[in-house]
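Structure below; questions to follow.
Read-outs: derived from the displayed coordinates by stated rules, not from any lab. Here the structure is a predicted model, which is why all the values come from computation and not from measurement. Here the Cβ is made from the backbone with ideal geometry for all residues, glycine too, and neighbour counts use every protein chain on show.
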Amino acid sequence: MAAIEMKNIVKQYGDGFPAVNDVSIDVADGEFLILVGPSGCGKSTLLRMIVGLEDITSGDMIIGGKKVNDLAPRDRNLSMVFQNYALYPHLTVYENIAFPLRLAGASDSEVDKKVREASSTLELDEHLERKPGNLSGGQRQRVAMGRAIVRNAEAFLFDEPLSNLDAKLRGQMRTEIARLQKRLGITTVYVTHDQTEAMTLGDRVAVLKRGVLQQLATPRELYENP
Ligand code: ADP
Ligand code: ADP
């Protein structure tokens, strides 16, 4: 069963050209899917419809076998990793990772167990008492992913998470995200306008143009058949 099924998804803002026009994509369990295309092609809109931050004009969004068209973001069990990582600067790494568990009313011992598991997976054990301001960009990204892991999210969603970084750090983070995604085996949808990212990060690449799905293929297939 696909983790995320987009079935004939349309988004129409006002009465112009549809921002997303009849897009159907199945994202397999554990797959890393890249959404790529030029500015304005509809990738953020599509991602926001997966998360539930944007209503769908027509079509069906199915997550974990369940139709979620009318579900609020909080009920979709997804985890969005934003460009600025959305960490709380006044909280330690430990409390940043623990935050969703505290919100959900978990006991201290449960919080501790999950935070330690996540920080071990993400190699953050040494940094649990630090504040985000003292971390590198890569470490901050891992804290954001830690917060996603403890929530047992069905999937990670990334919206151009690296676009504010310099070229060197961007390259490092790319490698790191790809490695973590494989280690965690969690279904991931990643939006970028960067061709290099698209061709190096994912299992498959969905190319959008003016809201229409142009190609859906592995990087190798795209490379051999552009
Ligand atoms: P991308 O992420 O690929 O840059 P977007 O999904 O942001 O593209 O936008 C796709 C199209 O939808 C663009 O033409 C954009 O101007 C339009 N659009 C995006 N958000 C809105 C909105 N809230 N209201 C009206 N039009 C929008
Ligand atoms: P609100 O102010 O609407 O209560 P919160 O930030 O407290 O918003 O989040 C409420 C719920 O929304 C969270 O428990 C979570 O399920 C969901 N949520 C918040 N941020 C994200 C995110 N980045 N990705 C996915 N779901 C989120």
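Charges only on Cβ, +1 for Lys and Arg, -1 for Asp and Glu: so what's the dipole of the range 1-87 about the Cα centre, in debye to the nearest 20?
The calculation lands at about 180 debye.
Moving on. To the nearest 20 debye, what is the magnitude of the charge dipole of the range 170-221 about its Cα centre, counting +1 on the Cβ of each Lys and Arg and -1 on the Cβ of each Asp and Glu?
40 debye
To continue, here is another question. Enumerate lysine pairs in the chain that are 8 or more residues apart or on different chains, then count those whose Cα atoms are under 18 Å apart.
8
Residues with amide H under 5 Å of G52's amide H, sequence separation 5 or more or different chain, H placed in the peptide plane at 1.01 Å from N; which?
For G52, no residues qualify.
Can you find, among M1, F32, G42, the residue farthest towards the positive end of the dipole of the range 1-45? Put +1 on the C-beta of Lys and Arg, -1 on that of Asp and Glu.
Of the candidates, G42 comes out farthest on the positive side.
Residue by residue, what Karplus-based ³J(HN,Hα) values in Hz, rounded to whole numbers, does the range 36-51 have, using 6.51, -1.76 and 1.60 with θ = phi - 60° and x for Gly and Pro?
Result, rounded to whole Hz: 10, x, x, 3, x, 7, x, 5, 5, 4, 5, 4, 5, 6, 5, 6.
Short version: ³J(HN,Hα) in whole Hz for each residue of the range 151-157, in order, from phi by Karplus 6.51 cos²θ - 1.76 cosθ + 1.60 (θ = phi - 60°), x for Gly and Pro, what are they?
7, 6, 5, 5, 7, 9, 10
While we're looking at this one, here's another question. If the viscosity is 1.306 mPa s and the temperature 10 °C, what Stokes-Einstein diffusion coefficient in µm²/s follows for the chain when Rh is the Kirkwood radius over Cα pairs?
88 µm²/s
A follow-up question, please. For the chain, what does the helix formula give at 222 nm: sum of -39500 (n - 2.57) over DSSP H segments with n ≥ 4, over the residue count, nearest 500 deg cm²/dmol?
For the chain, the value works out to -10500 deg cm²/dmol.
If you place +1 on the Cβ of every Lys and Arg and -1 on the Cβ of every Asp and Glu, how big does the dipole about the Cα centre of the range 1-153 come out, in debye to the nearest 20?
Dipole size: approximately 280 debye.
Follow-up. Mind listing the long-range amide H neighbours of V20? Cut-off is under 5 Å, sequence gap 5 or more, other chains count too, H placed in the peptide plane at 1.01 Å from N.
Result for V20 returns K11.
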